[in-house]
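The values are calculated or read from the model by the stated rules, or taken from the named source; none is laboratory data. Source: prediction; values computed, not measured. We place every Cβ from the backbone using ideal geometry, glycine too, and count neighbours over all the protein chains shown. Keep in mind that these areas ignore ligands, DNA and RNA; they rest on the heavy atoms of the full protein, side chains included. Shrake-Rupley method; radii C 1.70, N 1.55, O 1.52, S 1.80 Å.
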Amino acid sequence: MSFKTAKTLDSEAKEILKSLEGKTLKVKDRLAIPQQEMPQQDPSIRNRNMKEVALGYSESQLKVEALRCLQCKNAPCVKGCPVQINIPQFIAAAAEGNYEQALQIINQDSLLPAICGRVCPQEKQCMLNCTVGRSLKDPLKSVAIGRIERFIADEGMKNPKPPTVKPPTGKKVAVIGSGPSGLTAAAELIKEGHKVTLYEAFHRAGGVTIYGIPEFRLPKRIVEFEFDRLIEMGVQFRPNFLVGRTRRIESLIQEDGYDAAYVATGAGLPRFPDIEGENLVGVFSANEYLTRSNLMKAYKRGIADTPIFDSKIAVVLGGGNVAMDAARTAKRLGTERVILVYRRTQKEMPARLEEVQHAVEEGIELMTLTNPIRILGDKEGRVNELECLKYRLGEPDASGRAKPEPIEGSEFLLKADTVIIAIGNDSNPLISKTTEGLETTKRGNIVVDEFQKTSIDKIYAGGDIVLGAATVILAMGEGKKAANEINRVLAQEIADEKK
Ligand code: FAD
Ligand code: SF4
Ligand code: SF4
C-alpha cells in the first residue's frame, strides 16, 4: 500500500464530498464510496518516536465515512459490539455534523470511546458483520465504525460537558484496580451519589491502558482525561495500595464500613514458556519491558530514573497485541533487529490485523512456524542465542486454531541479545489467596454470576480478573454491569432503611 499523507487524504475526501453534493444517495452510491484510510505518521519516521501512529480522520474524511453507512434496520454491527452501542444512530448524527448528540448516543453504552475507538479489535466485532463489508465481500472494507467513534470522542474531549452527580446516598463502595473496568465502575457508582474509593497498586491510574499499551497506540492524555473527570466527580484515589497486602478485602467491608467492593485487578501475571535459559540477563516478560517504558518512561533516556536494556537484536515470543506492542517498543528504543517468533502462521496471530501490518511497516521481522526450545547464554550469563524448532500446522486444537506440530530435526540457532516473552498473562493470585471463600477457576479467575457477584456477599468482580486476558471493551462492559447491580442493591437497601 502506498503511503498517503493526512493532507492528501483530506483533499481526496473533500473531492468526494463535492462530487456527492445535492445527490440523493442510493445503496449502490454508498457502496461505491471508498473506505477512508486512517492518516498515519510515515513508518520510517514513526519507528523512531513514541508519538501516536494513527492521526485521526479530518472532518471531511469523517463525513465521507459516515455516508458509507446504509442505516440498516437490523443493524448487524450492533450485535457485534460487546456493549451494543447504537451504531447507526451515532453515525447518522455524525453525518449531520451533530457530534455532541453522537457522543451522547455512544455514552449510553460506553464511557471510554476515545480508548475503544483506538484499540478495540473492531474487525472481529462491530465491523465483522457490517452490511457494507458483507456486500463488498471483505469485512475490512466495512464502515470504519471505530474510526468514526474515535473522531466523535476526540471532539467531545475538546469541549467536555461537566459530569453530573446525584446527592450523597451515605453508601460507600470500594473499587479495586483502576484499569478500564475499575474506572468505568467508579464512574457509574459515583454518578448515583455513592462515596467511591479507587484503590490501585501502582502510583498511577489506568491499568494496562497506562502501563501496557504504548503511547504510540494510545496517548496517555486520553486515559488521564477520563481519570481527571472521575476525580472531578469526587472519586477518592488511593494509589500505591495493594489490596490483599496493604489491607484485605474483608477488612474493607467489615472494618472500614464499605457497603460493596468491586474487584477489577486484571490479568497482570505473565506466563513463561518454562524453557532452559529463562533466567539469563536479557530475558524479560513483555509486562516488565512495557511497564519500564510506558509507566516509568524509561524511553526518555537520561531523564527517567528507570533504566531500559540496550539491545541490538531482540526476539519477541508471541503473536498477540502484547507481542506487537513489545516488538514495536523495542524498535523505537533503537534495537537494530526485532524478530517476532510465533508458532503458527501470520493468519492465526491473535493480534489486531492493523497492529501486525503496522509492525511489519515499521521493520519488525515476522518469523512464523517457529518456537524456541532453549535460550543460550555467554560466560557472563547474558543472552547469546536461541535454539529454535520449525513447526507445521496440523489439525485444529481445542481453541479451533490449527495445532502447530514440531518438525523433527529442524533445530536452528537464532542470534539475539534480548528475549521478550509475550505468550499470555494470568490473573495475580494475591486477592484470591487472601480472601477466604472467594471462588476461582483453575486458572485463578474469579467466578461470578450473571450480575458480576462473586461467591462472597457484597463483593463483585469483573474485567480480566474474571475473563482472563481479554479486551478493553469487555472489561469496561463488565464494570458497567457490576456497577448497575451494585447501584440496584444499594438503592434497595436505602429504600428498606427508610421503611
Ligand atoms: P487492567 O487494565 O489490568 O487493570 C487492573 C489494575 O488493577 C491495574 O492497574 C493493577 O495495577 C491493579 N491491581 C492489580 N492487583 C491489585 C491489587 N491487589 N490491589 C490494587 N490494585 C491492583 N485490549 C484491547 O481491547 N485492544 C488492544 O489493542 C489491547 N492491547 C493490549 C496490549 C497490552 C500490552 C496488554 C497487556 C493488554 C492489551 N489489551 C488490549 C487488553 C486490555 O488492555 C485488557 O483486557 C484490559 O485493560 C483489562 O482491564 P481491567 O480493568 O480488567 O484490568
Ligand atoms: Fe466497535 Fe468497539 Fe466501538 Fe463497539 S466499542 S462500536 S466494538 S469500536
Ligand atoms: Fe451502518 Fe454497517 Fe451498521 Fe449497516 S451494519 S448500520 S452499514 S455500520
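Within region 414-430, the set of residues being closer than 16 Å to Arg343 by Cα and not in a loop (DSSP other than H, G, I, E, B) comprises Leu414, Val419, Ile420, Ile421. Total residues in region 441-454 satisfying the condition of being under 24 Å from Ala323 (Cβ atoms) and surrounded by fewer than 17 Cβ atoms within 10 Å (Cβ to Cβ): the figure is 1. Taking residues in region 280-308 that are in contact (Cβ under 8 Å) with a residue 40 or more places away in the chain and buried (at least 20 other Cβ atoms within 10 Å of the Cβ), and partners anywhere that are basic (Lys, Arg) and not in a strand (DSSP E or B), the pairs with Cβ atoms closer than 9 Å and at least 6 places apart or on different chains are Phe284/Arg292; Ser285/Arg271; Ser293/Arg332; Asn294/Lys220; Tyr299/Arg292; Tyr299/Arg332. Ala66 meets the stated requirement of being surrounded by 19 or more Cβ atoms within 10 Å (Cβ to Cβ), under 22 Å from Leu25 (Cα atoms) and either modelled with pLDDT under 95 or not β-branched (Val, Ile, Thr) (or both). Just so you know, in region 134-149 the residues that are surrounded by 15 or more Cβ atoms within 10 Å (Cβ to Cβ), closer than 13 Å to Leu70 by Cα and not aliphatic (A, V, I, L, M) include one that is nearest to ligand 2 (Cβ to nearest atom), and it is Ser142. Within the option set Leu438, Leu414, Leu490, being of a type outside the set (Ser, Thr, Tyr), touching a Lys or Arg at 6+ places or on another chain (Cβ under 7 Å) and either farther than 28 Å from Phe272 by Cα or open to solvent by less than 40 Å² (accessible area, probe 1.4 Å) (or both) holds for one residue only, Leu490.
Just to be sure before I move on: is Leu467 within 16 Å of ligand 2 (Cβ to nearest atom) and surrounded by 14 or more Cβ atoms within 10 Å (Cβ to Cβ) in the structure I sent? Yes; evaluated as a whole, the condition is true for this residue. Every test in (1) modelled with pLDDT under 95; (2) among the hydrophobic types (A, V, I, L, M, F, W, C); (3) within 23 Å of the chain's Cα centre (by Cα) is passed by Ile421 save one, and that test is (1). Scanning region 136-172 for residues that are assigned to a helix (DSSP H, G or I) and among the hydrophobic types (A, V, I, L, M, F, W, C) turns up Leu140, Ile145, Ile148, Phe151, Ile152, Ala153, Met157. Only one of the listed residues (Asn159, Asn98) is more than 23 Å from Leu17 (Cβ to Cβ), polar (S, T, N, Q) and either over 21 Å from the mean Cα position of the chain (by Cα) or open to solvent by 50 Å² or more (accessible area, probe 1.4 Å) (or both). That residue is Asn159. The set of residues in region 1-18 that are open to solvent by less than 70 Å² (accessible area, probe 1.4 Å) and in a helix (DSSP H, G or I) comprises Ala6, Thr8, Leu9, Asp10, Ser11, Ala13, Ile16, Leu17.
Residue selection: Lys433 fails the criterion of being within 16 Å of ligand 2 (Cβ to nearest atom), open to solvent by 60 Å² or more (accessible area, probe 1.4 Å) and outside any loop (DSSP other than H, G, I, E, B). On the stretch given as region 470-492, residues that are farther than 30 Å from Ile423 by Cβ and away from ligand 2 (no atom under 16 Å from the Cβ) total 10. The number of residues in region 289-317 being out of contact with any Leu (no Cβ under 7 Å at 6 or more places or on another chain), farther than 20 Å from Val472 by Cα and assigned to a loop (DSSP other than H, G, I, E, B) comes to 15. In region 338-347, is there at least one residue being under 27 Å from Ile308 (Cα atoms), touching a Ser or Thr at 6+ places or on another chain (Cβ under 9 Å) and not in a strand (DSSP E or B)? Within region 338-347 (the criterion being under 27 Å from Ile308 (Cα atoms), touching a Ser or Thr at 6+ places or on another chain (Cβ under 9 Å) and not in a strand (DSSP E or B)), the answer is yes, since at least one residue qualifies. Going through (1) over 19 Å from the mean Cα position of the chain (by Cα); (2) at pLDDT below 95 one by one, Leu295 falls short only on (1).
Among the residues of region 393-406, some residue qualifies, meaning at least one is touching a helix residue (DSSP H, G or I) at 6+ places or on another chain (Cβ under 9 Å) and either open to solvent by 50 Å² or more (accessible area, probe 1.4 Å) or part of a loop (DSSP other than H, G, I, E, B) (or both).
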